[in-house]
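A quick write-up on the structure given underneath.
Please treat every number below as a calculation from the coordinates, not as lab data. Just so it is clear, the structure is predicted and the values come from calculations on it, not from any experiment. Backbone-built Cβ (ideal geometry, glycine too); neighbour counts: all protein chains shown.
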Amino acid sequence: MQMFPTFSLSSRAQRTLAAAGAALALAGCASTPPSASAPAGAALQTAATHAYHGRFAVQYDDRLGKQQNVYGNFDWQEHGDDVSLELRSPLGQTLAVVKSTPQAASLELPNRPTQYAPDVGDLMQKTLGFELPLAGLRYWLLPTAAPATPAETVRDPADGTRVKQIRQDGWTIDYLAYADAPATGVKRVNLVRATPPLDIKLVLDQ
């Protein structure tokens, strides 16, 4: 995966992370509408524990319309409906920890008071200058469409058991690589949203 060559944060995020001494180095076509069975499916998929580790690159436009690039390493821990996402610099320093539960969200930065908000997306947007779609990623990384909203799923013509692309909630999720046996699961995935522009590249080291 080609990471962006440089990165920077919005001025607000730069000021916030300055206390840490570093900047944030953070798949035939079938439509899948939500159904009455979706809540049960959701419960089955989210009751388990999932852990993902890897690298990320984010490209977004700041409030002035200027393109910004952010990259680094991530550690995703999921227990039922609770998600914890740690963002680290390329050298491994913890720079931000985002936690999301059904009740609230929090964002921790080194040497700064923990921030809280009802919505994790708003919290990341205001603090970091961009938001990662945690609610969708919980399913897209499995990989499957989230059950609550309509989605279009494209399967790999060379391997019908694998998802090639999902389009849902304004996002296009392209699955570029899967892990080889004996490992399973997604290896590389790109997520793109047109409005507002946001491009996310993930490499999972499983």
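Laid out as a table, the results:
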read-out: Inter-part distance where the range 124-175 and the range 61-112 are each reduced to a Cα centre, Å; value: 18
read-out: Sites Arg112 and Glu152 - FRET efficiency at Förster radius 30 Å, r taken between beta-carbons, to 0.05; value: 0.15
read-out: Descending principal axes extents, the range 145-206, alpha-carbon based, whole Å; value: 38, 22, 21
read-out: P(r) tail fraction, the range 47-178 - alpha-carbon pairs more than 21 Å apart, %; value: 48
read-out: Separation in nanometres of the label points that stand 7 Å from Cα toward Cβ, at Asp82 and Leu176; value: 3.4
